[in-house]
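The values are calculated or read from the model by the stated rules, or taken from the named source; none is laboratory data. It should be emphasised that the depicted structure is a prediction, and the values quoted were computed from it without experimental measurement. All Cβ positions, even for glycine, are placed from backbone atoms using ideal geometry, and neighbour counts span all protein chains on display. In case anyone asks, the SASA skips ligands and DNA or RNA and just uses the protein heavy atoms, side chains included. Shrake-Rupley method; radii C 1.70, N 1.55, O 1.52, S 1.80 Å.
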Amino acid sequence: MKPKILTTLATYDRHQFTSDVIAGITVAMVALPLSLAIAIASGAGPEKGLVTAIVAGLLISLFGGSRVQIGGPTGAFIVVVYGVIATHGYDGLVLATLMAGIIMMVAGYLRAGNLVAYVPEAVINGFTIGIGIIIATSQINDLFGLSIKDVPAEFIEKMHTLWNARDSLSPFALGIGAVTMVLIVGLRRLAPKFPGLVVAVGLTSAIVAFAALPVDTIFSRFGDLPRTLPVPSLPVITVERIIELLPSAFIIAFLASVESLLSAMVADRMIGGQHRPNAEVLAQGFANVGSALFGGLPATGAIARTATNVRAGGKTPVAGVVHALTILLVMLLAAPLAGYLAMPALAGLLILTAWNMSEPHKWRGYMQAPTSDRVLLGVTLVLTVFADLTVAIGVGVALGLALRLRRNNATMEKDWTPPDR
């Protein structure tokens, strides 16, 4: 469970350091608007996203089992975080994140990282697409500039409320959001190594500021962002609250473990490397405990940011350290500028993130999979959107294991021959 940074530093040189610094700064420019947008969509203040990217991102790079993993807040947690905050308050989320971190630390020490491989892929695909749908629909209010103060969490009620508010659509908000999305897609295709996210969001937000358009910004909705990290503190801890938040803590631990290991496997394919799963799970535990102590959000390895790091030339975990320190520097020196970011621009960014995380290029393959896998994906997706993520994962994993046992039994019966007595 030795951290990768200790392995890579043994042969570290100036060329690797230069590549890591460039990649770290590049991925920080991508992570900055994403961290703000994810925190806002989760029902938290935007500064919570920055705190998470700094603290958790640093710890994941220092203790992780991947050479190029980039950690921080991710879209997969939006649904869980929003639900925990709505039910238990932000202090409840901090305690759940702290508990999840401890669960992952124990799992890492017990070398349980390899057990994630037993989670059916159809379940992962189903709740990922479901989360993408929930994220995208949660951003319709800001993208269209609708006059809804509190959007319901329940899917059908949410869509009904959004439809009833259609007459309050703001052409300025929709225009800013649409232009942001076009710029992000265009820059990603024309210059994939360029941090197009921050350029697109920054450019359209600048148009809002200089043209004084009637469009919501981070400042108009949340006020000034803090310029320093908060002082570490513990949430209120009681036996009753621990029992109450235990299911949420297990879901956070499960999601963080699955997404970080999936991200590490994607990175392995890109660089031809081999990550250490148990070290990675242990690092996620440290990162979530650290994020909770600073009042941040749950964190995990981020597939899109990790891929950006690799494409930008990141070689070792030092790039992840530079990424975290760069965001800290921005927070210390340029936090007021982030207040000018337009809410429709961030909404457009998150809708594209939701689209990408659902991996539409794989949908045809899903439809050609065995019937049992398609049913498993569909059940998990529907339960994620219309019921609850906890229910979706529980039912999906249980159903997946039952189907696997059925296949194994069928194979055993086929290969079995009666003994000659």
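Computed values, structure above
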quantity: Carbon plus sulfur fraction of accessible area for the chain, probe 1.4 Å, in percent; calculated: 67 percent
quantity: Kyte-Doolittle at least -0.5, axis length at least 20 Å by Cα - qualifying DSSP helices, the chain; calculated: 14-41, 46-63, 78-109, 121-138, 171-190, 196-211, 239-271, 277-293, 318-338, 343-357, 371-386, 389-415
quantity: 1.4 Å probe accessible area per residue over the chain, in Å²; calculated: 46 Å²
quantity: Positive-end extreme of charge dipole, the chain - chosen from 321, 249, 395 (charges on Cβ); calculated: 321
quantity: Cα-based Rg / Dmax (Å) for the chain; calculated: 21.7, 91
quantity: Reachable lysines, given that their alpha-carbon falls under 21 Å from the alpha-carbon of residue 2 and they are not under 8 places away in the same chain; calculated: 315
quantity: Partners for residue 48 among lysines (Cα-Cα distance below 23 Å; same-chain residues under 8 apart left out); calculated: 149
quantity: Label point distance in nm, residue 178-residue 199, each placed 7 Å from Cα along Cα→Cβ; calculated: 2.3 nm
quantity: Share of Cα-Cα pairs in region 202-266 lying beyond 15 Å, as whole percent; calculated: 76 percent
quantity: Residues with amide H under 5 Å from that of residue 217, placed H, sequence gap 5 or more; calculated: 343
quantity: Inter-label distance for residue 238 and residue 334, nm, one decimal - labels placed 7 Å from Cα along Cα-to-Cβ; calculated: 4.5 nm
quantity: By average C-beta atoms within 10 angstrom, highest first, the peptides 339-352, 389-402, 203-216; calculated: 339-352, 389-402, 203-216
quantity: Directionally averaged projected area (convex hull, Cα atoms, region 1-128), nm²; calculated: 9.2 nm²
quantity: Packing-based order for 158-171, 374-387, 33-46, using average beta carbon neighbours within 10 Å, highest first; calculated: 33-46, 374-387, 158-171
quantity: Rg ratio (alpha-carbon, reference 2.2 N^0.38 Å) - region 277-341; calculated: 1.29
quantity: Magnitude of the charge dipole, the chain, Cβ model with Lys/Arg +1 and Asp/Glu -1, debye to 20; calculated: 1100 debye
quantity: Potential lengthening between residue 271 and residue 206 on full extension [0.36 nm per residue; Cα-Cα distance subtracted]; calculated: 19.7 nm
quantity: Heavy-atom SASA rank of 237, 271 (probe 1.4 Å, accessible area, largest first); calculated: 237, 271
quantity: Charge dipole of the chain about the Cα centre (unit charges at C-beta), most positive-ward option of 350, 236, 46; calculated: 350
quantity: Sequence-distant residues sharing a close amide H with residue 300 (under 5 Å, placed H); calculated: 72, 74
quantity: Mean projected area in nm² (Cα convex hull; one quarter of hull surface) for region 195-305; calculated: 10.5 nm²
quantity: Cα-centre dipole for region 242-385 with unit charges at Cβ (Lys and Arg positive, Asp and Glu negative), debye to 20; calculated: 400 debye
quantity: Sequence of 355, 363 from largest to smallest accessible area, 1.4 Å probe; calculated: 355, 363
